[in-house]
Amino acid sequence: MRILRRAGYRRLTPHKKSASPTTSGRSRITAMPPRERVPVDTDVRWIHGAPSPRRRHDPPLQVHELSPGTCLIRQSKDLTFEAPFILLLLGTERALLLDTGAVDGTELRRTVDRLIEGHAPAGARDTAYGLVVAHTHGHGDHVAGDAAFADRPRTTVVGHDVAAVRAHFGFTDWPAEVVTFDLGDRVLEVFGIPGHHAASIAVLDPTTGLLHTGDTVYPGRIYVEDPDALLDTLDRLVAFARDREVTHVLGCHVEMTGRPGRDYALGSRYQPDEPPPLMTVAQLAAVRDAFRTVAHRPGIHRFDDVVFCIGEGPRVVVPLQARALLERARWLLGRSR
Ligand SMILES: [Zn+2]
């Protein structure tokens, strides 16, 4: 508890100890007291790569302020086909950076420093204002920039495995327990969402109603590592989102095209027709319902908003790699669409 207090954490009553039953028969914690909801500015055209190597012109990072103190950052497809989204949330005492992207370099560090300098309250700027670098999960395209933050003053870089995540956020009942993390006048809620990766977390910012689901739910290919864990995770995500009046569900990538059920090829460097990275709670529920129908059938399963890739056998790998090779050839020839 000493560590929890020092780091600004408060733990709410675990689900199992609450007296307030839900319709599903589970118990739940009391939602954080509602604050005035800040609208999210979704009017942005994200950088989306180039149709050929010669026509690359995107900046390494694009920053869009979703709301005051809520910055969504995208890494360029010119640098990495993963083009992950990285979220920076700023409170009055500290900031939380969720992921460091797929590129090992100092560009993100410089950008985050600049954003903190611009947003941190006067007086805290040079003295006590802290930064926690945590991760939606531990895959390489979400942690590659960690090293650039290792020597940053007043900065904690959280480890990538379940033990490190549990210890840092103070979980005693992983993954279902909902813990809080206070950035200073901005109390986030955090819980475990294994299924894509064992150490995946979801983060709710009650200020905006934004629920960050990492690679677990996003408009793209959801790679399933543990189907049973993901079934449970999706049930908890849907129940939580409805309980908290979530406004947007944010993922780390976009891989779908504008056509329902059609994704860009793995490794695609050009996605001119991609949807935004924000989904609705209705879409989240549809993703949950869809996964229930295919959870134990290894292979590739297409639905309107997502494509489930279950298992790592040839039924999944061969078609993905074949399309990836074809798209790579098209891109090199300047014929990417
Ligand atoms: Zn991942």
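Just so it is clear, none of the values below were taken in a lab; they were calculated from the coordinates. Here the structure is a predicted model, which means the values were calculated and not measured. For neighbour counting, all protein chains shown are included, and Cβ atoms are generated from backbone atoms with ideal geometry for every residue, glycine included.
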Do you know which residues across segment 266-280 are crowded, with 22+ Cβ neighbours inside 10 Å and closer than 21 Å to residue 317 by Cβ?
268, 269
List pairs: first residue in segment 174-203 and within 11 Å of residue 236 (Cβ to Cβ), second residue of a type in the set (D, E, K, R) and assigned to a strand (DSSP E or B) anywhere in the structure, Cβ distance under 8 angstrom, at least six positions apart or on different chains.
177/11; 178/189
Please work out which residue is surrounded by the fewest Cβ atoms within 10 Å (Cβ to Cβ), limiting yourself to segment 209-248 and to residues that are away from the ligand (no atom under 16 Å from the Cβ) and under 18 Å from residue 84 (Cβ atoms).
248
For segment 79-104, enumerate the residues that are assigned to a strand (DSSP E or B) and under 23 Å from residue 255 (Cα atoms).
85, 86, 87, 88, 97, 98, 101
Out of (1) in contact (Cβ under 8 Å) with a residue 40 or more places away in the chain; (2) in a loop (DSSP other than H, G, I, E, B), the odd one out for residue 148 is which?
(2)
Over segment 81-108, the set of residues within 20 Å of residue 200 (Cβ to Cβ), of a type outside the set (Asp, Glu) and out of contact with any Pro (no Cβ under 9 Å at 6 or more places or on another chain) is 83, 84, 86, 87, 88, 89, 96, 97, 98, 100
Quick one: count up the residues across segment 127-184 that are surrounded by fewer than 21 Cβ atoms within 10 Å (Cβ to Cβ), more than 16 Å from the ligand (Cβ to nearest atom) and acidic (Asp, Glu).
3
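If I ask for residues that are assigned to a strand (DSSP E or B) and crowded, with 21+ Cβ neighbours inside 10 Å, which ones from segment 56-72 would you list?
Taking segment 56-72 first, the residues assigned to a strand (DSSP E or B) are 61-67, 70-72.
Once the filter is applied, which keeps residues that are assigned to a strand (DSSP E or B) and crowded, with 21+ Cβ neighbours inside 10 Å, segment 56-72 yields 66, 70, 71, 72.
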Which residues, taken from segment 198-208, are more than 14 Å from the ligand (Cβ to nearest atom), of a type in the set (Val, Ile, Thr) and in a strand (DSSP E or B)?
203
Qualifying positions in segment 185-197 - over 17 Å from residue 213 (Cβ atoms) and either hydrophobic (A, V, I, L, M, F, W, C) or within 16 Å of the ligand (Cβ to nearest atom) (or both):
187
Check segment 107-119 and report whether any residue there is surrounded by 18 or more Cβ atoms within 10 Å (Cβ to Cβ) and either part of a loop (DSSP other than H, G, I, E, B) or within 16 Å of the ligand (Cβ to nearest atom) (or both).
no
So how many residues does segment 256-273 have that are within 14 Å of residue 218 (Cβ to Cβ) and out of contact with any Phe, Trp or Tyr (no Cβ under 7 Å at 6 or more places or on another chain)?
3
Looking at (1) of a type outside the set (Lys, Arg); (2) buried (at least 22 other Cβ atoms within 10 Å of the Cβ); (3) over 28 Å from residue 68 (Cα atoms), which one does residue 192 not meet, given that it meets all the others?
(3)
